[in-house]
Amino acid sequence: MYQVVAEVLSNKNITLNYFKIILNSPEICQNAQPGQFVHIKVTAGSAFLLRRPFSIYNPEDEKLEILYQVVGKGTDLLSKKEKSKKLDLLGPLGQGFELKENFGKVILVAGGIGVAPLYFLAKRLLNHDSKISDQTPPKSYRPKITLLLGARTRKQILCAQDFKNLGATVKIATEDGSWGYKGLVSDFLAETLLRYSKPDLVFACGPVPMLKKIAQLSRKYRLPSQISLEQRMGCGIGACLGCVVRAREGYLRVCKDGPVFTVNQILWDRL
Ligand SMILES: Cc1cc2nc3c(=O)[nH]c(=O)nc-3n(C[C@H](O)[C@H](O)[C@H](O)COP(=O)(O)OP(=O)(O)OC[C@H]3O[C@@H](n4cnc5c(N)ncnc54)[C@H](O)[C@@H]3O)c2cc1C
Ligand code: FES
């Protein structure tokens, strides 16, 4: 883990209240694994003592890309950080996705801003990642990746083209039917599992009700699934117990033991 002061290289509004910030952070980029996050101090001084956690969207050489949605004061302040301003970051933090096996067919499920940790994962799985790590699957194993990308409306569908550019198949679900399947992306997954051959693994990130549905489907079809959980955080490094969730093995800290867990680890009715 590093604590760095990173320069803002750009910070752009991509649609509605969604932004992409690019920070200069070689240390974090070189050491990041898909599914890990950074903890950002959005402003100096005591007004915002708590840092805010954000998934690593894309560590491209020395440029750390983060995709975020403005939902409150912290993210609003972040959206106002201009080029060349400095931000204090801790990272990379947490346990990311487990990629040791060789997968043939993989489904990624993203609900809204939950797409954020999945791009770096797809990039690593498809060998588009310049960094060779012990998690990089050998070139001979290039899984077939399908991303089910869900949001309320067409305007909230994020980054579909980025995944297409990697070579992933992208299928869209919107709750209002303005693009693709009409309904929840978790229902779209249920229908996909009924109609097509089962994947070797499901990776997902999104709101808790979506993840609960994915846990049910995983049990029904005996599908190994890894999910990234979002909890409000204090320290981000495992010390304050502010982010614990109930799990089969007791309490787990989302910041240190996660944010990525297998669906079977979590007691979903206690979440
Ligand atoms: C591991 C992890 C990775 C994350 N990755 C991203 C990401 O890549 N992009 C992104 O936009 N957001 C991400 N989040 C959520 C992000 O941290 C929160 O949206 C942010 O901290 C809100 O700060 P705020 O001051 O703007 O909102 P606040 O004023 O603190 O809260 C506004 C609303 O957001 C909810 N909220 C606050 N903190 C969290 C949180 N940690 N998790 C879920 N809901 C929260 C509150 O309940 C409230 O409804 C992630 C969270 C975690 C735990
Ligand atoms: S946020 Fe402090 S233990 Fe997780």
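The values are calculated or read from the model by the stated rules, or taken from the named source; none is laboratory data. Please read all numbers here as calculations on a predicted model, not as lab measurements. Using ideal geometry, Cβ is built from the backbone for each residue, glycine included, and neighbour counts are taken over all protein chains shown.
Considering (1) more than 10 Å from ligand 1 (Cβ to nearest atom); (2) free of Cβ contacts under 8 Å to residues at least 40 places away in the same chain; (3) over 15 Å from the mean Cα position of the chain (by Cα), the lone condition that residue 227 does not fulfil carries the number (3). Per the conditions (1) over 21 Å from residue 266 (Cα atoms); (2) in contact with a helix residue (DSSP H, G or I) (Cβ under 6 Å, 6 or more places away or on another chain); (3) of a type in the set (S, T, N, Q), the sole criterion not satisfied by residue 165 is (2).
Condition check for residue 35 on (1) part of a loop (DSSP other than H, G, I, E, B); (2) over 30 Å from residue 143 (Cα atoms); (3) touching a Ser or Thr at 6+ places or on another chain (Cβ under 9 Å); (4) within 10 Å of ligand 1 (Cβ to nearest atom): one failure, at (2). Here residue 112 fulfils each of the conditions (1) outside the structural domain of residue 36 (by TED's automatic domain parsing); (2) buried (at least 24 other Cβ atoms within 10 Å of the Cβ) apart from (2). Does any residue of segment 245-267 turn out to be away from ligand 1 (no atom under 12 Å from the Cβ) and touching a Phe, Trp or Tyr at 6+ places or on another chain (Cβ under 6 Å)? No.
Picking from residues in segment 39-50 that are surrounded by fewer than 22 Cβ atoms within 10 Å (Cβ to Cβ) and in contact (Cβ under 8 Å) with a residue 40 or more places away in the chain, the one that is nearest to ligand 2 (Cβ to nearest atom) is 50.
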